[in-house]
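**Student:** I have a structure I would like to understand better, so I am pasting it below and will then ask my questions one at a time.
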Amino acid sequence: MKEALMAKTLTVLLVGLAPVVSFFAFRGTVVLLLALALVGLWSERGRCLALPPLRLWLVLLAMLLAWAGLSALWAQAAGLALPKTASLVPLVLAGGIVLNYFRSMDPVMARRIVVALLIGLAATAVVAGIDGRTGAKVFRFVHDLGREPLAADRSYALPKAAATLCAIWGVICAAICWSWGWRGRAAVPVVAAAILVWSVSSNTGLLALAAGLGMFVVGAISAWLGRTLMAAAIIATFAAAPFASSLPDTMDIAMRFPWLPHSGLHRLAIWHFTGQRIDEHSILGWGMDGARSVPGGEDNSLVTLHYGGEPFNPDNNCLAKTTCVLAQQNLPLHPHNFALQVWLELGAVGAALFAAMLLAVMAAATRIEKWATAPFLATMTAVLVVASTAYGIWQAWWLASIWFTAAIGIAAFRVPTEATRQSS
């Protein structure tokens, strides 16, 4: 009994710490996932190691990993595919253990972890607000920056990752709270996530928060419409990826859409270049993790950018609030779009497997409680928005964050309808 209580306490504590951990060290989400897996193994006496019910999405995930490993046979850059694929296996195992552990939680424990996440988001927003007003003193201390000024290209780069994660967690937490009848509490994670997004000027976080909440409204009105829109978006995203090479020049886009930030315009240039490389190896791809080594990826091309503030490079003669043509890297490590990265590295076969896996996840979600459909769709929307505009899909901290988010959902979405109105 004492051990069970300690395991539950540790779980609630780890969930509550997730937003804070992401703010100061976003790569710590990997440690967080591993810690939850260990707590689950200890609490469940190894029962978490039992294979979950066979689901199509699990089969497709295994096939995707196998295809990624096989891509070493035709990868253009030797020595990347197998190590990257092998590095994903422990994450998948840890994620599976955590999913099994959270699946076994009773409604009381599920409510506790949702409340813990809510408190964690609120606490992180307070810390971010204070840090922003004090010249990032806490951030400087954690990263041993002393009093040195933050470089323009580094300023709040780490908290921006936290803002996107907290936007996702704000969506799932708010959607669950609202669906459970906790209308007052539902506002807390939304406000907290908005503060974090605003404090670091994260366009991706803002888009994820808005899209996720919008999909929640759609799903609450019509679950069928929400599922249809989500499935259509997944199919369209993967179907459109090979045509990225047809994107117009950034000069035309910049003139037509003056509100697009410089980061968005650079993304479009990256996607155009990625589309050209996809055209060259469209069936098999360049090999797992090959995005970092495709020909021309490290070269620069001229990109039209809008600057709303001071330019990153003081020597480029680009003043604030102007449009400039600057040399930018064609492909900085990854395309900042999960569908394009899968197409680029694993080709049409990998893209088909990945898209099918996402659709299978949606199909599996039909087994959750009826009330949970809208929160599920909202969460999936927020995750896919971030995956479509930022980060490499194989980055360990990002995958760990997705597993963590899925675990929160699998615990909360299984709470029976009659138990959702009970107080925590």
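The values are calculated or read from the model by the stated rules, or taken from the named source; none is laboratory data. Keep in mind that this is a model prediction, so the values were computed, not measured. Cβ placement follows ideal geometry from the backbone for every residue including glycine, while neighbour counts extend to all protein chains displayed.
**Student:** Among the candidates 114, 127, which residue alone is modelled with pLDDT of 95 or more and β-branched (Val, Ile, Thr)?
**Tutor:** On the way: 127 fails: modelled with pLDDT of 95 or more.
On inspection, the qualifying residue turns out to be 114.
**Student:** Taking the range 258-298, which residues are surrounded by fewer than 19 Cβ atoms within 10 Å (Cβ to Cβ), over 25 Å from the mean Cα position of the chain (by Cα) and not charged (D, E, K, R)?
**Tutor:** 258, 276, 282, 283, 284, 295, 296
**Student:** Are any of the residues in the range 181-197 modelled with pLDDT under 95, surrounded by 18 or more Cβ atoms within 10 Å (Cβ to Cβ), in contact with a Pro (Cβ under 8 Å, 6 or more places away or on another chain) and part of a helix (DSSP H, G or I)?
**Tutor:** The answer is yes; a qualifying residue exists.
**Student:** If you don't mind, another one. Residues of the range 61-84 being among the aliphatic types (A, V, I, L, M) and either closer than 30 Å to residue 411 by Cα or buried (at least 21 other Cβ atoms within 10 Å of the Cβ) (or both), which ones? Before you say what the answer is, go through the steps one by one.
**Tutor:** If we filter the range 61-84 for residues that are among the aliphatic types (A, V, I, L, M), which is where we start, we get 61-66, 68, 70, 72-73, 75, 77-78, 80-82.
Scanning the range 61-84 gives 61, 62, 63, 64, 65, 66, 68, 75, 80, 81.
**Student:** Taking into account only those residues within the range 198-243 that are in a helix (DSSP H, G or I), at pLDDT 95 or above and polar (S, T, N, Q), which is nearest to residue 174 (Cα to Cα)?
**Tutor:** 228
**Student:** Do any residues in the range 261-287 that are within 11 Å of residue 347 (Cβ to Cβ) have Cβ atoms under 6 Å from those of residues that are charged (D, E, K, R), where the two are at least six apart or on different chains, and which pairs are they?
**Tutor:** Correct list of pairs: 285/345; 286/345.
**Student:** Answer yes or no as to whether residue 87 is touching a residue at least 24 places away in the same chain (Cβ under 8 Å), assigned to a helix (DSSP H, G or I), farther than 22 Å from residue 411 by Cβ and polar (S, T, N, Q). Steps first, please.
**Tutor:** Values: touching a residue at least 24 places away in the same chain (Cβ under 8 Å): yes; assigned to a helix (DSSP H, G or I): yes; farther than 22 Å from residue 411 by Cβ: yes; polar (S, T, N, Q): yes.
The answer is yes for residue 87.
**Student:** Just checking, does the range 367-382 include any residue being within 15 Å of the chain's Cα centre (by Cα) and either charged (D, E, K, R) or within 16 Å of residue 64 (Cβ to Cβ) (or both)?
**Tutor:** Looking only at the range 367-382, we keep the residues that are within 15 Å of the chain's Cα centre (by Cα), and these are 376-382.
Filter again for either charged (D, E, K, R) or within 16 Å of residue 64 (Cβ to Cβ) (or both), leaving none.
Checked against the condition, which is being within 15 Å of the chain's Cα centre (by Cα) and either charged (D, E, K, R) or within 16 Å of residue 64 (Cβ to Cβ) (or both), the range 367-382 yields no hits at all.
**Student:** A follow-up question, please. Select from the range 383-413 the residues that are farther than 15 Å from residue 28 by Cα and under 10 Å from the mean Cα position of the chain (by Cα) and list them in ascending order. Break it down stepwise before answering.
**Tutor:** To start, the set of residues in the range 383-413 that are farther than 15 Å from residue 28 by Cα comprises 383-394, 406-413.
If the condition is that a residue be farther than 15 Å from residue 28 by Cα and under 10 Å from the mean Cα position of the chain (by Cα), then 383, 384, 385, 386, 387, 388, 389, 390, 391, 392, 393 are the ones that fit.
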